[in-house]
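S.K.: For reference, the structure I am asking about is given below.
The values are calculated or read from the model by the stated rules, or taken from the named source; none is laboratory data. Given the structure is predicted, the values throughout are model-derived calculations rather than measurements. No Cβ is skipped: glycine too gets one built from the backbone with ideal geometry, and neighbour counts run over all protein chains shown. The protein model used for the area step is the full one, side chains on, heavy atoms only, and it has no ligands, DNA or RNA in it. Shrake-Rupley method; radii C 1.70, N 1.55, O 1.52, S 1.80 Å.
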Number of protein chains: 2
Amino acid sequence: MSATKAAEPSTSTIDAIKEKANRLSILSMMSTTAAGSGHPTSCMSAAELVAGTFFYAMKFDPKNPNSPDGDRFVLSKGHAAPVLYAAFAVAGVIPESRVMTLREFSSELEGHPTPRIPGVDAATGSLGQGLSVGAGLAIGAKMDESPTRVYVMLGDGEMAEGQVWEAAAFAGHYKLENLTVLADVNALGQSEPTMYQHNMEIYRQKFESEDWAVQIIDGHDVPAVLAALDRAKAAKGHPQAILARTIKGHGVSFLAGKEHWHGKPIPKDRLAAAIKEVGGPIDVPADPGKSYARTTLPEPPNFPAPAAPEYDPAKPVATREAYGFALKRLGAVNPHLVAISGDVKNSTFSEVFQDAYPDHFYQGYIAEQNLVSAGVGLAARGKVPFLDTFACFFARAYDQVRMAAISRSNINLCGSHCGISIGEDGPSQMALEDIAIFRAVHSSAVFYPSDAVSAERLVETMARRPGINYLRTSRPKMPILYGKDERFPVPGFKVLRKSDQDKATVIGAGITLHEALKAADQLKSAGTAVRVIDLYCVKPLDGTALAAEITATGGRLVTVEDHWAEGGIGEAVLAALAQAGAALSKSRLIAVRNMPHSGKPDELIDAFGISAKHIVEAVNSIA
Amino acid sequence: MSATKAAEPSTSTIDAIKEKANRLSILSMMSTTAAGSGHPTSCMSAAELVAGTFFYAMKFDPKNPNSPDGDRFVLSKGHAAPVLYAAFAVAGVIPESRVMTLREFSSELEGHPTPRIPGVDAATGSLGQGLSVGAGLAIGAKMDESPTRVYVMLGDGEMAEGQVWEAAAFAGHYKLENLTVLADVNALGQSEPTMYQHNMEIYRQKFESEDWAVQIIDGHDVPAVLAALDRAKAAKGHPQAILARTIKGHGVSFLAGKEHWHGKPIPKDRLAAAIKEVGGPIDVPADPGKSYARTTLPEPPNFPAPAAPEYDPAKPVATREAYGFALKRLGAVNPHLVAISGDVKNSTFSEVFQDAYPDHFYQGYIAEQNLVSAGVGLAARGKVPFLDTFACFFARAYDQVRMAAISRSNINLCGSHCGISIGEDGPSQMALEDIAIFRAVHSSAVFYPSDAVSAERLVETMARRPGINYLRTSRPKMPILYGKDERFPVPGFKVLRKSDQDKATVIGAGITLHEALKAADQLKSAGTAVRVIDLYCVKPLDGTALAAEITATGGRLVTVEDHWAEGGIGEAVLAALAQAGAALSKSRLIAVRNMPHSGKPDELIDAFGISAKHIVEAVNSIA
């Protein structure tokens, strides 16, 4: 690898870092023993690496550790949280006394890092996600021409996660020279030694295959740590991996390199002896003081109204196409937009945005986990990420979405090709669970447009709304339902058919809304009026407003969805009505209940029970 | 790499394989053009590799292509399904005429492979899962001392998926010499060229880092393909990777190596010219004949009753511990059991099984995607896989679970550490969405035991039940509720408190059932009787039986769960009641509704609203 020779750190610098490393180890031991749980040995393997990075390499303002131009540290091996909190304390971000509140109910210092803690950009603790977050932060910094450097600490246990290698490939491909990995290779997993143990050359080969510059060091040798950090800073053109051979529980004879200590604090009666081995004891004030929790977290930046959607009312358009047009219109008024696609931009139509704003588009290839977590990194820098793949493939990144919610992240996901209405490709490409899984995410909104105008307006809403926003788009072209100035509040729904004689309320969205409209026409011809609701916003729901419509139709309800019955529109509506205290007289929940297969869209929606015919039957059975 | 010199194939053999490869290409073109959709160019890059593998290397009985001792072919790049179906046809598994029914509603030949098709072991089409399935098949074959060799065809686009490298590491670690990868490196993804294009050395480095033996060949050079297959068969001690440089759309001048042809059939008016370039035309009978769909798919093998669970009724036990004991007891009577843990066997207690049956346990390391898909491979060989990690981390493998359902697979998953009751580790380790996501899987059952006895009995039920079985276990120790001979039918629930004066029904499971029992005692002291139900089986539900209990308590219902409100127990019960036509007078759905943080379990269940106190309040508000 290429490296510019840096001035060597002085002996006094080295001694100061050694002392700080010991302090981090001791604080990690003290805080976990006080908490009665936690992972001290996983902190001790990392102490010199963390000390060198925080107190020698990184530039940041301890009073404003989340500021855009400061260097960032992502602790991907989140169970080593105590060493991170200790570093924040020693750096002056929080007082050292706070460290002793670790894992308490009232403390901001949770068992694993979350952005409630000053200096933390994203929650970690589900392993193998931090490098993707770091790549997102690094790309954002490059877009901003910021001097920010991003350091990501990986554990060797978590390098078994495929996502780490998705992220390594992504970072190598985009030549993220502002990104440095610190791999704490302590050779012990939770339940037994790791697959490669201390075979450092395997890790070298893996990172080098992704075009990273690699250094292998002894992670407890402070001069080596500092020299590696200097070389990583000086190098150009590649992301940098510092692979450190370390010892779990380093510094304490009864812990160092020993199995069966993972996730176990040091017993109280052995703590003093352990601390003494690492150069202690140290003084920490007894009064922990007040919480340092961040009470306001980043929200998406405001922006002027984009141009209104323009569609020929007579010409059907797929909502997936409208997604692309909407991104392009937003791009003209919101410079923070960034789109990443999982190699499907020509199906999800994010290529329309790429064509207009190529510098704001990244190819994510077929790696959905990295796609989502990189979005979390971008959002942590104030970007407005829009991430797309087929709706079913977000199932691949569901843990990453779950963690994004714990990160209090503001990310937008567009899943195309929902449901059986995709047709011939068959069930592997049909999302039939995406409403269920995205509803079960804290802070989420689930949008499901039935025409191009509502799709565009909802994309604008997503760019403004904090939290996890999910847009479910459809493959088939569908008629335009709304004028270009129609608005779509959240929560909200549209009543598209309504009379005083309505015998039932039919709720649909996407392809099933159009089937519901057909059914309403057929029923009307046969003398039965029904109310038809476009549930463009599946979460949040206004149960009271929905209840008013359903009550007006005799408490008779039919829901119909291109989705499994479990966790979908039907259950969402039932739960909202129950919470609103509404009484149903009769209901029919129409959904996909058998495993679909290939066929033409119309054949499938009929065969699997969600077509107009089945809606008519359901209404007739209760009205 | 080491290789024994094999006899060289004769010129006539080579010519025969070339002819078969052309036939596969032509059938792929014809069938996709007839279907009006599909991926012919992705088939054409693979034609020689598939022909060489099927007609030179593989040994299998075309009349019984799923038999245990035959060689297996897993098409991980599932969108190349037409070339697989063509190979089955040319091999005599199905008639060639069936190929022309591709993607039709009534055909078994779906857009992507599923086990409805003879010879297919697992559904593919969500990319990057096939190598894990193949590793599971290969491990199963080794356990059975079967001569079976497993061939997995990967596309280069899908090699961006981290799961491929989880699987490569797993296969390398377990030295699966009966596993061969055929990598069809055609350099074009769906939307643009792949990250590495034809840089074959990168792929070599990646496989070699995982201890694979690698050969790089021209994938259209039939002698080279056959020689590589021979070398792979002869080699020992390592899995084998044949990395083939190929051309997408090979053989047809207007397709070969051209972008923008992904997933597009050849227009009808250009088909004849294309076929001619590949040596056609060929004759295919016009009458497709009857479907060859497999109507019976594998079910878990039967086994004698295991020993009854033995617990001291006075001594609390965590359900996660009972899982380990149950596996051990089952292992004594069912030789097909195989357990894999995601490096958490000491938390999920599968180590109890490992200690008793070390040859039936595999360390899966921290790689949940591979864990689940390898289980699908094992199940396809008739094994009974039990896969464990923390419940929240199955979110990492949700796409793999989704595909397992499309595979009609029989797999068992145990997720431990559910909900906020885990305490201090914080939200990254708390599963609050697992009921929602596992309910939204076709063929799934969701079991949620509240004591060790029911946990053990449900583990036995899982081993007998076809489909996707999920067991949600809890971290805290909980009192024993049942005698050792109690049975737990599916669907089913237990009524633990019941009187003629019951004013409401309270439904809980796991930690919340014990809170419900406490609440019932407190309410009884205050003069209000309530019915308490242990919902040990969350899916499937018997809505009629539940409705009878709730109706008997005035239609008043309280559900309480250590899970988000969305898609959990409350919604499941509402939907089941709606389907049963039951009327609720008043209901309260108690669930976790705010983002939790660290704290002691009791602090958290109280602060986040799911403790006995909140159940008492809910009952009083409606009774």
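S.K.: What residue, of A:Leu188, A:Leu229, A:Leu255, is touching a Leu at 6+ places or on another chain (Cβ under 9 Å) and open to solvent by less than 30 Å² (accessible area, probe 1.4 Å)? Let's see the steps before the verdict.
M.R.: On the way: A:Leu188 fails: touching a Leu at 6+ places or on another chain (Cβ under 9 Å); A:Leu255 fails: touching a Leu at 6+ places or on another chain (Cβ under 9 Å).
Within the list A:Leu188, A:Leu229, A:Leu255, the selection yields A:Leu229.
S.K.: Would you please name the residue that is most open to solvent (accessible area, probe 1.4 Å), looking only at residues in segment A:232-241 that are more than 14 Å from chain B (Cβ to nearest Cβ) and not in a loop (DSSP other than H, G, I, E, B)?
M.R.: A:Lys233
S.K.: So which residues in segment A:360-376 are more than 7 Å from chain B (Cβ to nearest Cβ) and either farther than 17 Å from B:Gly162 by Cβ or of a type in the set (S, T, N, Q) (or both), if there are any at all?
M.R.: A:His360, A:Phe361, A:Tyr362, A:Asn370, A:Ser373
S.K.: Here's something else I'd like to know. Could you tell me how many of the residues in segment B:379-399 are among the aliphatic types (A, V, I, L, M) and within 17 Å of A:Phe394 (Cβ to Cβ)?
M.R.: Result for segment B:379-399: 2.
S.K.: Here's another thing I want to ask about it. Looking at segment B:506-529, which of its residues are more than 25 Å from B:Pro601 (Cα to Cα) and not hydrophobic (A, V, I, L, M, F, W, C)?
M.R.: The initial filter retains those residues of segment B:506-529 that are more than 25 Å from B:Pro601 (Cα to Cα), namely B:524-529.
B:Lys524, B:Ser525, B:Gly527, B:Thr528 - these are the residues of segment B:506-529 that are more than 25 Å from B:Pro601 (Cα to Cα) and not hydrophobic (A, V, I, L, M, F, W, C).
S.K.: Follow-up. Would a scan of segment A:264-278 turn up a residue that is in contact with a helix residue (DSSP H, G or I) (Cβ under 7 Å, 6 or more places away or on another chain) and within 14 Å of chain B (Cβ to nearest Cβ)? Let's see the steps before the verdict.
M.R.: Keep residues of segment A:264-278 that are in contact with a helix residue (DSSP H, G or I) (Cβ under 7 Å, 6 or more places away or on another chain), which gives A:265-266, A:268, A:271, A:274-275, A:278.
Among the residues that remain, those that are also within 14 Å of chain B (Cβ to nearest Cβ) are: A:265.
Yes.
S.K.: Looking at A:Ala16, A:Ala46, can you tell me which residue is surrounded by 23 or more Cβ atoms within 10 Å (Cβ to Cβ), of a type outside the set (Ser, Thr, Tyr) and either under 28 Å from the mean Cα position of the chain (by Cα) or within 20 Å of A:Val225 (Cβ to Cβ) (or both)? Before the answer, list the steps.
M.R.: Numbers: A:Ala16 fails: surrounded by 23 or more Cβ atoms within 10 Å (Cβ to Cβ).
Sole residue among the options that is surrounded by 23 or more Cβ atoms within 10 Å (Cβ to Cβ), of a type outside the set (Ser, Thr, Tyr) and either under 28 Å from the mean Cα position of the chain (by Cα) or within 20 Å of A:Val225 (Cβ to Cβ) (or both): A:Ala46.
S.K.: Out of all the residues in segment A:211-218, is one or more out of contact with any strand residue (DSSP E or B) (no Cβ under 9 Å at 6 or more places or on another chain) and assigned to a helix (DSSP H, G or I)?
M.R.: no
S.K.: Return yes or no: is B:Lys518 at pLDDT below 95 and in contact with a helix residue (DSSP H, G or I) (Cβ under 9 Å, 6 or more places away or on another chain)? It would help to see each step written out before you state the result.
M.R.: Numbers: at pLDDT below 95: no; in contact with a helix residue (DSSP H, G or I) (Cβ under 9 Å, 6 or more places away or on another chain): yes.
Against the criterion (at pLDDT below 95 and in contact with a helix residue (DSSP H, G or I) (Cβ under 9 Å, 6 or more places away or on another chain)), B:Lys518 does not qualify.
S.K.: May I ask you to verify whether A:Ala504 is touching a Lys or Arg at 6+ places or on another chain (Cβ under 7 Å), more than 21 Å from A:Tyr311 (Cβ to Cβ), in contact (Cβ under 8 Å) with a residue 40 or more places away in the chain and among the aliphatic types (A, V, I, L, M)?
M.R.: Considered against the rule, which asks whether it is touching a Lys or Arg at 6+ places or on another chain (Cβ under 7 Å), more than 21 Å from A:Tyr311 (Cβ to Cβ), in contact (Cβ under 8 Å) with a residue 40 or more places away in the chain and among the aliphatic types (A, V, I, L, M), A:Ala504 comes out as yes.
S.K.: Just a yes or no: is a residue in segment B:64-82 open to solvent by less than 30 Å² (accessible area, probe 1.4 Å), within 24 Å of the chain's Cα centre (by Cα) and among the basic types (Lys, Arg)?
M.R.: Yes, segment B:64-82 contains at least one residue that is open to solvent by less than 30 Å² (accessible area, probe 1.4 Å), within 24 Å of the chain's Cα centre (by Cα) and among the basic types (Lys, Arg).
S.K.: Of all residues in segment A:318-359, which are surrounded by fewer than 24 Cβ atoms within 10 Å (Cβ to Cβ), within 14 Å of chain B (Cβ to nearest Cβ) and charged (D, E, K, R)?
M.R.: Result: A:Glu351, A:Asp355.
S.K.: Continuing with this model, one more query. Under the condition of being without any contact (Cβ under 8 Å) to a residue 24 or more places away in the chain and assigned to a helix (DSSP H, G or I), which residue from segment B:199-210 is least open to solvent (accessible area, probe 1.4 Å)?
M.R.: In this case the residue turns out to be B:Ser209.
S.K.: Buried (at least 16 other Cβ atoms within 10 Å of the Cβ) and either farther than 30 Å from A:Leu589 by Cα or more than 11 Å from chain A (Cβ to nearest Cβ) (or both): is that true of B:Ile605 in this structure?
M.R.: yes
S.K.: Select from segment B:147-181 the residues that are within 14 Å of chain A (Cβ to nearest Cβ) and among the acidic types (Asp, Glu) and list them in ascending order.
M.R.: Correct list: B:Asp156, B:Glu158, B:Glu161, B:Glu166.
S.K.: Test each condition in (1) touching an Asp or Glu at 6+ places or on another chain (Cβ under 6 Å); (2) within 18 Å of A:Leu557 (Cα to Cα); (3) part of a loop (DSSP other than H, G, I, E, B) for A:Pro466 and report the one that comes out false.
M.R.: (2)
S.K.: Another question, if that's okay. Scan segment A:283-305 for residues that are modelled with pLDDT of 95 or more, touching a helix residue (DSSP H, G or I) at 6+ places or on another chain (Cβ under 8 Å) and closer than 22 Å to A:Leu378 by Cα and report the count.
M.R.: So the count comes out to 3.
S.K.: Let me ask something additional. Write out, first by first residue and then by second, each pair whose Cβ atoms fall under 8 Å of each other, whose residues are 6+ apart or on separate chains, and whose first residue, in segment B:176-198, is more than 19 Å from A:Asn346 (Cα to Cα) while the second is open to solvent by 20 Å² or more (accessible area, probe 1.4 Å) and part of a strand (DSSP E or B).
M.R.: Filtered contacts from segment B:176-198: B:Val185/B:Arg245; B:His198/B:Arg245.
S.K.: Among the residues of segment A:440-480, how many are open to solvent by 10 Å² or more (accessible area, probe 1.4 Å) and among the hydrophobic types (A, V, I, L, M, F, W, C)?
M.R.: The number of residues fulfilling the criteria is 1.
S.K.: Regarding A:Met430, is this residue under 20 Å from A:Thr512 (Cβ atoms) and modelled with pLDDT of 95 or more?
M.R.: Yes: the conditions hold for A:Met430.
S.K.: Tell me which residues, restricted to segment A:410-438, are open to solvent by 10 Å² or more (accessible area, probe 1.4 Å) and either over 14 Å from A:Phe390 (Cβ atoms) or away from chain B (no Cβ under 13 Å) (or both).
M.R.: A:Asn410, A:Glu424, listed by residue number.
S.K.: Going through segment A:99-114 one residue at a time, which ones are open to solvent by less than 10 Å² (accessible area, probe 1.4 Å) and more than 11 Å from chain B (Cβ to nearest Cβ)?
M.R.: A:Val99 - this is the single residue of segment A:99-114 that is open to solvent by less than 10 Å² (accessible area, probe 1.4 Å) and more than 11 Å from chain B (Cβ to nearest Cβ).
S.K.: Let me ask another. Determine whether segment A:400-417 contains at least one residue that is basic (Lys, Arg) and assigned to a helix (DSSP H, G or I).
M.R.: Yes - at least one qualifying residue is present in segment A:400-417.
S.K.: Still on this structure: Do you know which residues across segment A:50-85 are under 23 Å from A:Met403 (Cβ atoms), hydrophobic (A, V, I, L, M, F, W, C) and in a helix (DSSP H, G or I)?
M.R.: Listed by number, the residues that qualify are A:Val50, A:Ala80, A:Ala81, A:Val83, A:Leu84.
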